[in-house]
Amino acid sequence: MKPVKVLRTLYVVLILSAAASSAPTKTPPPDIFLITIDTLRADHVHCYGYTNVATPALDALAKDGVRFTQAFTPSPITNTSHASILTGLLPGSHGVTDFGVPLSAAHPTVAELLKAQNYHTAAFIGAVILDSKSLAPGFDRGFDYYDNFPEHSSTNSRWGRLERRGMDVVEHAENWLSKHPAGPHFVWVHLYDPHDPYEPPPPYSQMYKDHLYDGEIAYADSALAHFITYLKRSGRYGNSVIVAVGDHGEGLGEHHEDTHGIFLYDSTTHVPLIVKLPGPRGAGTVVTAQVRTLDIMPTLLELASASAPQKKDGDSLEPYFVGKTEAARPAFGETDYPLRFGWAPLRSVRSEGFKFIEAPRPELYDLPLDPAEMTNKYEPQDARVQKSRAMLAELRSAESKVQGSSSPAQESALPDPKEKIDEQNLLHAALIAAEDNRPADARKTLEKVLALDPKSPTVLRQLGELELQAGHYVQAVHHLKGAVEIRPDDAAALFHEGQALEKTRDLGGARDALEASLKLMPGQFDARLLLGQVYLGLKDPAAAEDQFEAALLLQSGNVEAQLGLADAQITKGNFAEAAQSLQALSKVQAKNAQVFDLLAKAYSGLGKKAEAQQAAIRAKVLSNNK
Ligand SMILES: [Zn+2]
């Protein structure tokens, strides 16, 4: 027998034995589609009993699948919640507690583990906050393709720059599937539409004009319908696993919270969760036991016959599919988002019909009697409070082991977010206005917050940045100085203060602010460059040279830093060195007037009059042609 044939026989034997031992049937591994719908409250979906919206796609999926009526996210913000869905870990374990915090490679994701099982993997996101090149580093791990946003956007509109409409997201996913027919597939589709601002396209903008949030939900549902129709038409629906889940809910004014992120009430933590299994399995099942979005990752791995990682906070939902259990699972909630504004973070436990929220003013709600969480029954001696506190303490010690850090600092001295929520609503509105290039609206809103809280570092910094962009440098300095006084370790506020001071020609002040900012965060290229220019203005060429050299270490070949360096060398009298680098630069920057202007100075320092004159003429022609 030839060696090739031996191998082939062995291969066949291995395949047969693998099939016999693990797969219950001989069907191929299922395609898996994870659909996350942003900002979707469970009680605003038609099949969850809400009659003011039409969600036919979700309703049909529930008919074909298992619908969980009591599913909870551990986090009310997008990146944190999605990291929990992808890793099966609580926020304190995976560490993605805010936007921009990288998802550590130490935590395997469902995409990585399915890819290891020969799955073809792709992710299609609907918002720039999940872009793995900017605000969601590490989220692309395990995906063959991750549909990030273009680096440079030509548009001022939200669409394409910050958000994609659901229909665009699903079309990207459908095109990818058509071009990559070989399965099995794991595809994550993220529909961002219900997130504020609520701007559904027609006809939803008209049909839902008095409740636009529902209009966004109806529109997102229509995108889901498009995707499911595509799956059916391409023959992928029958054997697939489809999970549809909200990443978190929306305050809609309950507890005075307009949007989400600050609180841990059911309004933002109770989400729809529907799992459609391969074939007719589980069709139409309704599970009323409390489960968590943490349970999605272990479930998908089990359905793909892949093993789950050792460390996970969720458990497979499989026992509910086969009616093996009705047991409720305790749901933890965490939000560090208030810390961003200088307020206390919150932790919660939802278990056995009550919710406990740890806060400077703790809360306890009796959920069967008080589902809207309106009457705080907190008593320190209450057994439920004591049990919850013990559970949270145990969790903290487990999380600090995973994170390898010490236990979190005592935050009790910070204000309770309950006292600050009106401020947060205004701050959020100002942020959206600034994002949408409506600076006047943003300023008006921020000034309102400043009237409520004249010492809010967040407001002062946002207002300072706004005035800086508008060219109102004196006002910018005023606000940014205020922000830095309250929060001296805010490197970004110090950098902006330096920028504004430089514009008012207070070079000494600019130097101090930029030095302080760089001491906190040494790798800021823009701050190094500006500080070099400030030192040139202060007639300190040696210090300027240091900064431009440091800037070039961060971005080698940067033209502005090279020009600054040459300028500093000329000021110091190092004409030969400056002339040499400027000559090289003039070849690649043949249309840059500043290059020739500096070259003229360098030649003149070297006594080369003719060359100096030639370079000066060139500089003049170029600057006139501008
Ligand atoms: Zn979200």
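For the range 294-304, the count of residues that are touching a strand residue (DSSP E or B) at 6+ places or on another chain (Cβ under 7 Å), open to solvent by 10 Å² or more (accessible area, probe 1.4 Å), in a loop (DSSP other than H, G, I, E, B) and not small (Gly, Ala, Ser) is zero. Taken over the range 32-88, the residue count meeting the criterion of being part of a strand (DSSP E or B), open to solvent by 10 Å² or more (accessible area, probe 1.4 Å) and either of a type in the set (Lys, Arg) or within 16 Å of the ligand (Cβ to nearest atom) (or both) is 1. In the condition set (1) more than 19 Å from the chain's Cα centre (by Cα); (2) part of a loop (DSSP other than H, G, I, E, B), residue 152 is compliant with all but (1). Residues being more than 16 Å from the chain's Cα centre (by Cα) and on the phi > 0 side of the Ramachandran plot are represented in the range 106-123 by at least one member. Between a residue in the range 240-253 that is open to solvent by less than 10 Å² (accessible area, probe 1.4 Å) and outside any loop (DSSP other than H, G, I, E, B) and any residue that is among the charged types (D, E, K, R) and away from the ligand (no atom under 16 Å from the Cβ), which pairs come within a Cβ distance under 7 Å, given they are 6 or more apart or on different chains? Hits for this filter: 241/276; 242/276.
When the range 319-369 is filtered for residues that are among the acidic types (Asp, Glu) and crowded, with 16+ Cβ neighbours inside 10 Å, the ones remaining, listed by number, are 334, 336, 358, 363. Does residue 155 count as at pLDDT below 95 and hydroxyl-bearing (Ser, Thr, Tyr)? Here the answer is yes, as residue 155 does meet what is asked.
Could you tell me whether residue 553 is part of a helix (DSSP H, G or I) and surrounded by fewer than 19 Cβ atoms within 10 Å (Cβ to Cβ)? Criteria met by residue 553. Residue 189 fulfils the conditions (1) within 16 Å of the ligand (Cβ to nearest atom); (2) at pLDDT below 95 except for a single criterion, (2).
The set of residues in the range 128-144 being over 16 Å from residue 161 (Cα atoms) and touching a residue at least 24 places away in the same chain (Cβ under 8 Å) consists of 137, 138, 139, 141, 142, 143, 144. The residues of the range 264-306 that are among the hydroxyl-bearing types (Ser, Thr, Tyr) and more than 28 Å from the chain's Cα centre (by Cα), listed by number, are 285, 288, 305.
Contact map, the range 419-442: residues that are of a type in the set (S, T, N, Q) paired with residues that are open to solvent by 50 Å² or more (accessible area, probe 1.4 Å), Cβ distance under 6 Å, separation 6+ or inter-chain. Pairs shown: 425/258; 437/156. Tally up the residues in the range 96-107 that are buried (at least 22 other Cβ atoms within 10 Å of the Cβ) and away from the ligand (no atom under 16 Å from the Cβ), please. Count: 1. Looking only at the range 585-612, residues that are within 20 Å of residue 561 (Cβ to Cβ) and in a helix (DSSP H, G or I) come to 13 in all. Looking across the range 195-233 at every residue that is part of a loop (DSSP other than H, G, I, E, B) and open to solvent by 50 Å² or more (accessible area, probe 1.4 Å), the one that is nearest to the ligand (Cβ to nearest atom) is identified as 198. Taking first residues from the range 76-101 that are closer than 21 Å to residue 275 by Cα and at pLDDT 95 or above and partners that are away from the ligand (no atom under 15 Å from the Cβ) and basic (Lys, Arg), the Cβ contacts under 7 Å between residues at least 6 apart in sequence or on separate chains come to 88/312; 89/312. Taken as a whole, the condition of being open to solvent by less than 10 Å² (accessible area, probe 1.4 Å) and within 16 Å of the ligand (Cβ to nearest atom) applies to residue 271. So is residue 580 polar (S, T, N, Q) and open to solvent by 50 Å² or more (accessible area, probe 1.4 Å) or not? Yes, satisfied.
The values are calculated or read from the model by the stated rules, or taken from the named source; none is laboratory data. Keep in mind that this is a model prediction, so the values were computed, not measured. We place every Cβ from the backbone using ideal geometry, glycine too, and count neighbours over all the protein chains shown. Please note that ligands, DNA and RNA were not included when accessible areas were found on the heavy atoms of the full protein model with its side chains. Shrake-Rupley method; radii C 1.70, N 1.55, O 1.52, S 1.80 Å.
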